[in-house]
Amino acid sequence: MLAWALVVSLVGFAAVTILGVAFQDLVFKKYSENSPLFVTYYYWVFPMGLGLTLFNILEAFAWNLHKSVFTSFLKEVEWRLLVTIIIVLFFSILFPILTYLLSYTLLLTWA
């Protein structure tokens, strides 16, 4: 089941990524006026989406193995603690915006 879940989600993610790149001009046109940062960092949405997708699939798999305490710890304690750390580093001017985005994206794919 895990293999099927991963294959289906990765195929779906590939389709969304292809459509996102194909229709980027439309997205840029719609969001450039009200959300210029979204347009600037548009391509960061795709690795973040992949990280969240994989985390949710692996979390559901761990629930099926009756490891819900471990996944709850990862989601509620460890992930929030690490996000808080990179937010504090960003606001204390130790991280520029690109380093913050890279850290957050890596955190989504790693955690």
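The values are calculated or read from the model by the stated rules, or taken from the named source; none is laboratory data. Everything quoted here is computed from the prediction, not taken from an experiment. Here the Cβ positions follow ideal geometry from the backbone for every residue, glycine too, while neighbour counts run over all protein chains shown. When the accessible area is computed, the model is the full protein with side chains, heavy atoms only, and any ligands, DNA or RNA have been set aside. Shrake-Rupley method; radii C 1.70, N 1.55, O 1.52, S 1.80 Å.
Is segment 73-87 home to any residue that is among the charged types (D, E, K, R), within 18 Å of T109 (Cβ to Cβ) and open to solvent by 100 Å² or more (accessible area, probe 1.4 Å)? There is at least one residue in segment 73-87 that is among the charged types (D, E, K, R), within 18 Å of T109 (Cβ to Cβ) and open to solvent by 100 Å² or more (accessible area, probe 1.4 Å).
Of the residues in segment 52-72, none is assigned to a loop (DSSP other than H, G, I, E, B), more than 17 Å from the chain's Cα centre (by Cα) and among the aromatic types (F, W, Y). Let me confirm something: among T17, T84, T71, T105, which residue is of a type in the set (V, I, T) and in contact with a Gly (Cβ under 8 Å, 6 or more places away or on another chain)? Among T17, T84, T71, T105, only T105 is of a type in the set (V, I, T) and in contact with a Gly (Cβ under 8 Å, 6 or more places away or on another chain).
How about segment 1-44: which helices (runs of 4 or more DSSP H) wholly inside it have at least 2 residues that are open to solvent by 80 Å² or more (accessible area, probe 1.4 Å) and under 25 Å from I97 (Cα atoms)? Fully inside segment 1-44 and qualifying: 24-31, 36-40.
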